[in-house]
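Structure record follows, encoded as structure tokens.
The values are calculated or read from the model by the stated rules, or taken from the named source; none is laboratory data. Keep in mind that this is a model prediction, so the values were computed, not measured. Glycine gets a Cβ as well: all are built from the backbone with ideal geometry, and neighbour counts include every protein chain shown. The protein model used for the area step is the full one, side chains on, heavy atoms only, and it has no ligands, DNA or RNA in it. Shrake-Rupley method; radii C 1.70, N 1.55, O 1.52, S 1.80 Å.
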Amino acid sequence: MPESDDRYRQVLRMIDAHDIELIRFLWVDHNGIVRGKAVTRRFLESRMESGIGLARSRQAANLMDIGQPVPGFNAVGEVRLVPDPSTFVALPHAPGSGAMLCDLVQLDGTSWDACPRTFLKSALAAAGDLDVVASFEPEFTLCDARPGPGSLSVLDDSLCFDNTGFDAANDYVVQLTRALQGQGIDVELYHPEFGAGQHEMTLRHGPALRAADLSVWQKVITRGLASARGMWATFAPTPGPGFRGNGNHLHLSMWKDRPGLGPVNMFADDADDLGLSETAYHFVGGVLRHLPGLLALTCASVNSYERLQPGMWSGAHACYGQDNREAAVRVPSRLRGSTAASTNIELKACDSTANPYLALGAVIYAGMDGITNRIDPGPQLAEDPNGLSDAERDALGLGLPRSLEEAVEALRRDDYLMDVLGPLRGQLYPAIKRADVEAVKEMGPELAFLTYATRY
Ligand code: GLU
Ligand code: MG
């Protein structure tokens, strides 16, 4: 039996086990919004291969749902949502509904250049025999109701790692943990975070495509279960004025199968002070070289730059350093007992308004440029950059774009990133982001915060 048939049968078993009637075919748009169409159980089989039709121009929509006038995106033209059966989940917050994540595919079945999931697959192919292992680490703000104009009421005002924060959110968080685990999603860690109502749940790392898929399910289920209880969970980088930022830190390492040894972490080198290999340093070199433009993809909204500020531990400085929480790239100190396996780098300048496939794909491409061209990241920054003078920070080149507008401009000027994005996405993505910038300017701050707190 072909593997795809086998996976389809597994989907059918889960559909029967959970008494599912409607199956959502979902994709993630350029703003990180999860969208889709659904098919009934009865007609699922034929749609597994043919997919469900979608107007091409939906992939040109900005945050206001207005399609941007990019050539090739208008009233004419269609693509298909084709599901990956290995991504199936029975949605724990929506009884009777299941969902799969889809690729956006052209009518003849070939891949479409505006499909974010396909972009990540192409980045993984560009990494050759290096297998990328990743995890996203999202923070979110728990509210006791959906925020409205002038009202954002958080569930708890506990301190960072405060035991009362665990208690305040316990029923919900235990339900969420069980719900994720019930769908085969490995939850590893959880804690109440620094900000009011802020929490963080971390999934176990895994192969990069799966990590991006799981980050979608984590957000869908976290929000869905909160809403089903009358609460609200927002992943907005900054849900309201004065709030601590919600990051979505991205952890990465690259592995290779070695004969007789099995998978070996190519980022690890015990002889190095930070435990990093030459490959890892070059990867970091590539990420730092492209960081200004990368930010348009990892800190992908106007609201992102409310968070990406010095002093917020959000990684607002263009440097790397061991356990340096102000560095865009933190090198986490390794875990005793699994030093080689736990070696990874963490991009802190990443949040949940990013499309995870585009963000992860672009970071891999940037890192691969570093590996291919042996880009030296220079020495680590072993101190808090906030303790330096402006002149010292300038001399170290720590500055980064301070707005989405600046980041999109940096992306447009980055020939390498524009080349890997390809002509279609390279035109589409900046156009959507520029439209968001203009729309948010017109809103004024109060409506802008509310829009992000309710959309993300
Ligand atoms: N909330 C911070 C951020 O915006 C991060 C705090 C932490 O280091 O976990 O990234
Ligand atoms: Mg955190």
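Here are the numbers:
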read-out	value
Matching residues in the stretch 223-247 - criterion: being open to solvent by less than 30 Å² (accessible area, probe 1.4 Å) and within 16 Å of ligand 2 (Cβ to nearest atom)	233, 234, 235, 236, 237, 238, 239, 245, 246, 247
Cross-chain or 6+ apart pairs with Cβ under 8 Å, the stretch 62-80 first and without any contact (Cβ under 8 Å) to a residue 40 or more places away in the chain, then among the β-branched types (Val, Ile, Thr)	79/105; 80/52; 80/105
Residue 250 closer than 21 Å to residue 345 by Cβ, of a type outside the set (Lys, Arg) and either within 13 Å of ligand 2 (Cβ to nearest atom) or open to solvent by 30 Å² or more (accessible area, probe 1.4 Å) (or both)	yes
Listing of strands (runs of 3 or more DSSP E) fully contained in the stretch 283-382 that carry 1 or more residues being of a type in the set (Val, Ile, Thr) and within 15 Å of ligand 1 (Cβ to nearest atom)	327-331, 345-347
Residue 279 part of a helix (DSSP H, G or I), in contact with a strand residue (DSSP E or B) (Cβ under 9 Å, 6 or more places away or on another chain) and within 16 Å of ligand 2 (Cβ to nearest atom)	no
Neighbours by Cβ (under 6 Å, 6+ apart or cross-chain): first from the stretch 115-139, under 11 Å from residue 360 (Cβ atoms) and more than 16 Å from ligand 2 (Cβ to nearest atom); second open to solvent by less than 10 Å² (accessible area, probe 1.4 Å) and assigned to a loop (DSSP other than H, G, I, E, B)	116/355
Matching residues in the stretch 168-216 - criterion: being surrounded by 13 or more Cβ atoms within 10 Å (Cβ to Cβ), in a strand (DSSP E or B) and within 16 Å of ligand 1 (Cβ to nearest atom)	190, 191, 192, 198, 199, 200, 201, 202, 203
Subset of the stretch 270-286 (residues that are aliphatic (A, V, I, L, M) and either open to solvent by 10 Å² or more (accessible area, probe 1.4 Å) or closer than 15 Å to residue 401 by Cα (or both))	271, 274
Answer residue from the stretch 170-205, given it is among the charged types (D, E, K, R) and within 28 Å of residue 312 (Cβ to Cβ) and is farthest from ligand 2 (Cβ to nearest atom) among those	204
Yes/no for residue 89 being touching a strand residue (DSSP E or B) at 6+ places or on another chain (Cβ under 9 Å) and surrounded by fewer than 22 Cβ atoms within 10 Å (Cβ to Cβ)	no
Any hit, the stretch 160-167, residues being open to solvent by less than 50 Å² (accessible area, probe 1.4 Å) and either in a loop (DSSP other than H, G, I, E, B) or aromatic (Phe, Trp, Tyr) (or both)	yes
Condition check for residue 36: under 27 Å from the mean Cα position of the chain (by Cα) and exposed (fewer than 14 other Cβ atoms within 10 Å of the Cβ)	no
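Listed here are the residues, each with its yes/no results for (1) within 16 Å of ligand 2 (Cβ to nearest atom); (2) touching a residue at least 12 places away in the same chain (Cβ under 8 Å); (3) farther than 12 Å from residue 343 by Cβ; (4) not basic (Lys, Arg).
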| residue | (1), (2), (3), (4) |
| --- | --- |
| 258 | no, no, yes, no |
| 275 | no, yes, no, yes |
| 285 | no, yes, yes, yes |
| 310 | no, yes, yes, yes |
